[in-house]
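Student: Before I ask anything, here is the structure I am working with.
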Amino acid sequence: LDSTLDRLADMTLLVGIGVHYGSEGETVYLLLTCWALVATVLVSYAKARAEYWLPQVDGGLLERGERIGLLAIGAILGVMVPILWVIGVLGTYTVVQRMIEAHRQMSRMAADARRAGAPQSFLEHPPSPARGGNGAAAKHE
């Protein structure tokens with residue numbers, strides 16, 4: 001619930017900024033805001049999706065606290081456009097960083113499973129964490 005509310009708050013802020021730029025006829029700034037919004041959502045999604053299979057995925061320059069802090073600075077100092085560029089660029093970089101880290105960890109897990117003699121069917125279709133496949137308790141939603 002907490003991460004859902006965090007995402008909703010992030011999206012609400014950026015949609016509000018986008019509506020402002022859209023109502024002013026600033027199409028380029030509106031598109032910039034859309035990029036920042038997509039990057040923001042993907043930062044959270046990349047971590048959540050990776051942690052479905054992995055115990056923890058760390059990394060990234062632009063966590064939620066930094067994004068909110070940057071938006072506050074942009075609003076207070078009247079420098080929102082450069083801040084949106086920073087969020088877009090660093091958010092995209094963070095998504096790529098997390099994807100690389102998840103791939104690295106999963107490749108290591110597959111290599112460890114091969115060394116342990118896991119059958120090929122296990123390597124192609126590992127147990128789902130929802131069924132307790134990563135040692136976590138099964139989740140029911």
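Student: Please compute the length gained on full extension between Ile68 and Ser3, using 0.36 nm multiplied by the number of residues separating them and subtracting their Cα-Cα distance. Let's see the in-between values first.
Tutor: Numbers: separation 65, 0.36 × 65 = 23.40 nm, distance 1.43 nm.
Taking Ile68 through Ser3 to full extension adds about 22.0 nm, to one decimal.
Student: In nm, to one decimal, how far is the modelled label at Ala116 from the one at Glu26, with both set 7 Å along Cα→Cβ?
Tutor: 5.3
Student: Next question. Along the charge dipole of region 1-103, which of Ile68, Leu32, Gln56 sits closest to the positive end, that is, farthest toward it, with unit charges on the beta carbon of Lys, Arg, Asp and Glu (+1, +1, -1, -1)?
Tutor: Toward the positive end, the furthest listed residue is Gln56.
Student: Could you provide, to the nearest whole Å², the per residue accessible area of region 1-122 with probe 1.4 Å?
Tutor: So region 1-122 comes to 61 Å² accessible per residue, rounded to a whole number.
The values are calculated or read from the model by the stated rules, or taken from the named source; none is laboratory data. The structure presented is a predicted model; accordingly, all values stated were derived computationally and were not measured. For neighbour counting, all protein chains shown are included, and Cβ atoms are generated from backbone atoms with ideal geometry for every residue, glycine included. Remember, those area values only see protein heavy atoms, side chains included, never the ligands or the DNA or RNA. Shrake-Rupley method; radii C 1.70, N 1.55, O 1.52, S 1.80 Å.
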